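The values are calculated or read from the model by the stated rules, or taken from the named source; none is laboratory data. Fair warning: this is a prediction, and the values are worked out from it, not measured in the lab. A quick note on method: Cβ atoms are made from the backbone with ideal geometry, for glycine too, and the neighbour counts reach across all protein chains shown.
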């Protein structure tokens, strides 16, 4: 059975929040350009801790509805608490893997996912199967990375080698963390008419990125050790070096993230 390589729930909250702080504006613009509007019935796949859920619920308003799905009860608990604190009342949560989702046919106006397909063994099948839930003319919006496009300037061998290990660990689990470059043809092959496609690739200072990189490294390290890609000693050396040897004039370029939307 494949394992998700990073932490969920409270343990992964800070990392997911950081990702949304960096990509959230791009995601909101993407959904707006793709046609998200008041009154829509939206299916959010892999809602995580609800980083986008509240915003989507506010956009569709009281006449709309958000069905937020995640395979982790821990993630859903955090997302539900955030929704309750915001006072939004138009969100329904479902704890399920996406492959087992059952909804009425032709009942959804827009399907949205961010960083989900990269963690699935058969994303092509999911893209095809989810289409039956969309109304004719309904919209699908997906965001996925090409992990190998991560850059550090000047080059940071520790961070770049860690990223390479992350990609290899994904392959061992049957995941493709470079799926972003394949996203447009995958949606096309699944029978969607492409509406919009682009890449976004934010750049921040290494000082701002270091904490994020360390969070991911600490979460991933046990799997790397278990698979023999790193020893315990190498892991500790790596974490110590990344935490203490920061070049204040260096930059961290996130992997480019594909944003592709299409019509059923």
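Can residue 102 be described as over 18 Å from residue 23 (Cβ atoms), modelled with pLDDT under 95 and not in a helix (DSSP H, G or I)? Judged against the criteria, residue 102 is a match. Screening the candidates 179, 159, 165 for the property of being closer than 15 Å to residue 146 by Cα, surrounded by 14 or more Cβ atoms within 10 Å (Cβ to Cβ), in contact with a strand residue (DSSP E or B) (Cβ under 9 Å, 6 or more places away or on another chain) and touching a residue at least 60 places away in the same chain (Cβ under 8 Å) yields one hit, 179. Residues of the range 118-136 that are assigned to a loop (DSSP other than H, G, I, E, B) and either without any contact (Cβ under 8 Å) to a residue 60 or more places away in the chain or buried (at least 16 other Cβ atoms within 10 Å of the Cβ) (or both): 120, 122. When you scan the range 83-95, do you find a residue that is within 17 Å of residue 47 (Cα to Cα), in contact with a strand residue (DSSP E or B) (Cβ under 7 Å, 6 or more places away or on another chain) and exposed (fewer than 15 other Cβ atoms within 10 Å of the Cβ), even just one? Scanning the range 83-95, I find at least one residue that is within 17 Å of residue 47 (Cα to Cα), in contact with a strand residue (DSSP E or B) (Cβ under 7 Å, 6 or more places away or on another chain) and exposed (fewer than 15 other Cβ atoms within 10 Å of the Cβ), so the answer is yes. With respect to (1) at pLDDT 90 or above; (2) in contact with a helix residue (DSSP H, G or I) (Cβ under 7 Å, 6 or more places away or on another chain); (3) in a helix (DSSP H, G or I), the lone exception for residue 170 is condition (2). Candidates 194, 94, 159, 139: the one that is more than 17 Å from the chain's Cα centre (by Cα), in a strand (DSSP E or B) and at pLDDT below 95 is 194.
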